[in-house]
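For reference, the structure discussed in these notes is given below.
The values are calculated or read from the model by the stated rules, or taken from the named source; none is laboratory data. Predicted model only: the values in this text are computed from it and were never measured. All Cβ positions, glycine included, derive from the backbone under ideal geometry; neighbour counts span all protein chains shown.
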Amino acid sequence: MPGGTGEVRPEGEVRVTGADGPDGLTLRTAGLTAGGLPELRVDGLPPYLGQGWARVLAAVAERLAASGDVPSELVIGPDVVICLTSGADGTLVPGPPPGRDLDEWRRDVVLRLFPEARV
């Protein structure tokens with residue numbers, strides 16, 4: 001994630017794009033498929049988590065692109081576990097470990113990875 005721009009360049013460029021909808025923000029990557037990997041997608045984000053989760057997706061994309069593999073879960077920071085499940089559209093959907101509340105977990109991930117965020 002050079003310069004925090006949301007771009008990864010092991011074999012190409014991966015961008016994180018977003019759109020606002022009635023149920024919150026949708027963020028997704030574009031570029032992982034060029035390396036044979038599924039894109040990442042999160043839906044229903046509160047707007048205040050948009051920038052933080054763009055950085056989270058960029059970090060997850062960087063890990064996936066570097067390994068070339070899709071694990072069922074990633075540990076991307078101290079006490080930060082991200083489970084990856086397949087979405088209906090073929091994307092990977094990052095989610096919490098079993099037993100964690102989705103909204104609380106999303107906020108917690110941003111604060112643990114980027115403590116300066118103070119969401």
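Can you name every residue in the range 64-112 that is surrounded by fewer than 17 Cβ atoms within 10 Å (Cβ to Cβ) and part of a helix (DSSP H, G or I)?
Those that are surrounded by fewer than 17 Cβ atoms within 10 Å (Cβ to Cβ) and part of a helix (DSSP H, G or I): Ala66, Ser67, Leu102, Asp103, Glu104, Asp108, Leu111, Arg112.
All but one of (1) in a helix (DSSP H, G or I); (2) among the acidic types (Asp, Glu); (3) modelled with pLDDT of 95 or more hold for Glu116; which doesn't?
Tallying (1) in a helix (DSSP H, G or I); (2) among the acidic types (Asp, Glu); (3) modelled with pLDDT of 95 or more, Glu116 fails exactly one: (3).
Please count how many residues of the range 4-45 are within 17 Å of Val110 (Cα to Cα) and modelled with pLDDT under 95.
The qualifying residues number 3.
For the range 99-113, give me each residue that is over 14 Å from Tyr48 (Cα atoms) and in contact (Cβ under 8 Å) with a residue 12 or more places away in the chain.
Arg112, Leu113
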